[in-house]
Amino acid sequence: MALFGYTIGEDRDQNASNGKQLDVYRFLIPNAPTTTPITPTGPVGTVTIAGTVTTADLEGLGTNPTTGRVTAINETRVTGSTTPIDPTVFIVNNVDQPFAPVNVPVVRTPSDLRRFGFESGADFGRDFSATSQPIVHYTIAGNRSASNGVPVGSSLYKVTLTNPAISIVDNTPTTPERLGTQPTNPGKFADGLAIDNLTPGRTRAFASDLSSTDGDGAQLYKVDLLTGQLSAPINLRNSSGQPLSVNSDSGLAFSNVTGSTQRLFAWEETGRLYEITGFQDELNASGLTLGSTTGTNGAGFATATLLATVNLPNASTGVVDYEGFTIANE
C-alpha cells in the first residue's frame, strides 16, 4: 500500500461554451522531501460537464473513509462576479482509480440556502449533530477579497450521503448567512479542509489558507465540525522558521492510514506539495484554542516543508489551476 494524491484541473481548453473537461490526475506521495519533480499518472479520467454551468470547477476533493473512494464537490461562485450566487450544487463520486464518475444532484436544506464565497475545499468526516455520527461530506467555502462584493470570511457546510442534501453548519445561522451574502466566520478565509478520521472528534479538523491576498499570510484554522466555527489562526512557517511565503489557492488532506503516524499535507494549485508538522499540539488542544505553548513550535504555529512539485499540464503557467486535493491509500 502507498499514499497517492489526487487533483482535478480546471476546464482543459478554457472554453466553457463546449462544456467543461476536467482532467483527474494521480501521483505518488513521497515519504521524504525530493527535488526531483513528480510525474503524475494520467489523466486517469476526465469529468465532463455539459453546458455552461458557471460553477463547474471541482475544487473540493475528499476521500470517503468507508469506501476509500474519492468524491469532488463543485466550487461556490465564479471569481470576480457577485452573480449568480451558487446556482448549482453537485457532487461527483468515484473520480479516483478505477475511474467511474457519478454526478449526484444535491438538494438544499432549507431550499433557499446558498453557499458563501468563491473558493471551496472538502473532506469526509462524522456528523456530530447526530447520535449515530454517520459519515457526511463537509465542504468549506470562503471569500478572500472584499473586491468580490462580499466580506472576507468562510462558512462550513455538510452534505448527507443518503438522499444528498446540503445544509449550513452553524447553531443559529442568520438570514444573510443562509443566503450566502455573509460568512459565519468573518475575516477568516479558508479554501482547504482536512478531517482526522483516525481519531475522530468534533474539533479534529483543519482548514487551510495559503493566500496572502486577504492580508494575513499562510495559515491553518482548527475547525469545529458541530458549530462550524474556525479557531484563531495557526500561522505556517517554512523549514527555516520564517513565515511561509506563498499566495495560492490551497488543498489540505490527512493521510488517515491506520497503524501509522498521522501525516498532514497542504497543496498549492500550481502543483507544489507541502508536509505540515508541529500540528499535533494544535489538533490535540481542547476546544478551539491555539494549542500548547510547550510544543515543538509553540502556540499558534506549524511548519510547512516543501515535499515535492508535481508536473501537471499548464499548472506552472497558471493557464490551468489544480485546486482540489485529497489522498487515497492504495
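The values are calculated or read from the model by the stated rules, or taken from the named source; none is laboratory data. The structure displayed is predicted, hence computed values, not measured ones. With ideal geometry, Cβ positions are generated from the backbone for all residues, glycine too; neighbour counts draw on all protein chains shown. The protein model used for the area step is the full one, side chains on, heavy atoms only, and it has no ligands, DNA or RNA in it. Shrake-Rupley method; radii C 1.70, N 1.55, O 1.52, S 1.80 Å.
Among residues of the range 312-330 being on the phi < 0 side of the Ramachandran plot and open to solvent by 60 Å² or more (accessible area, probe 1.4 Å), the one that is modelled with the highest pLDDT is 329. Screening the range 201-229 for residues that are assigned to a strand (DSSP E or B) and among the hydrophobic types (A, V, I, L, M, F, W, C) and picking the one that is nearest to residue 302 (Cα to Cα) gives 220. From the list 269, 275, 282, the lone residue that is of a type in the set (Asp, Glu) and open to solvent by less than 10 Å² (accessible area, probe 1.4 Å) is 282.
Can you report the number of residues in the range 257-266 which are over 12 Å from residue 208 (Cβ atoms) and buried (at least 18 other Cβ atoms within 10 Å of the Cβ)?
Filtering the range 257-266 down to residues over 12 Å from residue 208 (Cβ atoms) leaves 257-263.
Next, from what is left, pick out any that are buried (at least 18 other Cβ atoms within 10 Å of the Cβ): 263.
Selection size over the range 257-266: 1.
Taking residues in the range 212-229 that are at negative phi, and partners anywhere that are of a type in the set (Lys, Arg) and in a loop (DSSP other than H, G, I, E, B), the pairs with Cβ atoms closer than 7 Å and at least 6 places apart or on different chains are 213/144; 214/144; 221/188; 224/202; 225/202; 226/202. Applying the condition of being within 19 Å of the chain's Cα centre (by Cα) and part of a strand (DSSP E or B) to the range 273-302 and asking which residue is modelled with the lowest pLDDT yields 302. Return the total of residues in the range 1-49 being in a strand (DSSP E or B) and either within 16 Å of residue 312 (Cβ to Cβ) or not basic (Lys, Arg) (or both). Number of matching residues: 29.
Do any residues in the range 88-117 that are small (Gly, Ala, Ser) have Cβ atoms under 6 Å from those of residues that are part of a loop (DSSP other than H, G, I, E, B), where the two are at least six apart or on different chains, and which pairs are they? Partner pairs satisfying both residue conditions: 100/94; 117/76. Once the range 150-175 is narrowed to residues that are at pLDDT below 95 and of a type outside the set (A, V, I, L, M), the residue that is nearest to the chain's Cα centre (by Cα) is 151. Given the conditions (1) open to solvent by less than 40 Å² (accessible area, probe 1.4 Å); (2) not in a loop (DSSP other than H, G, I, E, B), and given that residue 309 satisfies all but one, which numbered condition is not satisfied? Evaluating residue 309 over (1) open to solvent by less than 40 Å² (accessible area, probe 1.4 Å); (2) not in a loop (DSSP other than H, G, I, E, B) leaves (1) as the failure.
Taking the range 256-272, which residues are touching a residue at least 12 places away in the same chain (Cβ under 8 Å) and over 14 Å from the mean Cα position of the chain (by Cα)? Give the derivation first.
Filtering the range 256-272 for residues touching a residue at least 12 places away in the same chain (Cβ under 8 Å) gives 256-258, 262-272.
Correct list: 256, 257, 258, 262, 263, 270, 271, 272.
Yes/no per residue for (1) touching a Lys or Arg at 6+ places or on another chain (Cβ under 7 Å); (2) open to solvent by 20 Å² or more (accessible area, probe 1.4 Å):
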| position | (1), (2) |
| --- | --- |
| 204 | no, yes |
| 208 | no, no |
| 217 | no, yes |
| 221 | yes, no |
| 224 | yes, no |
| 227 | no, no |
| 239 | no, yes |
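Inside the range 52-151, counting only strands (runs of 3 or more DSSP E) that do not spill past its ends, which hold 1 or more residues that are open to solvent by 30 Å² or more (accessible area, probe 1.4 Å) and of a type in the set (S, T, N, Q)?
It comes to 90-93, 102-105.
Counting just the residues of the range 241-256 that are modelled with pLDDT of 95 or more and either in a loop (DSSP other than H, G, I, E, B) or open to solvent by 10 Å² or more (accessible area, probe 1.4 Å) (or both), which one comes out farthest from residue 25 (Cα to Cα)? Filtering the range 241-256 for residues that are modelled with pLDDT of 95 or more and either in a loop (DSSP other than H, G, I, E, B) or open to solvent by 10 Å² or more (accessible area, probe 1.4 Å) (or both), the one farthest from residue 25 (Cα to Cα) comes out as 256.
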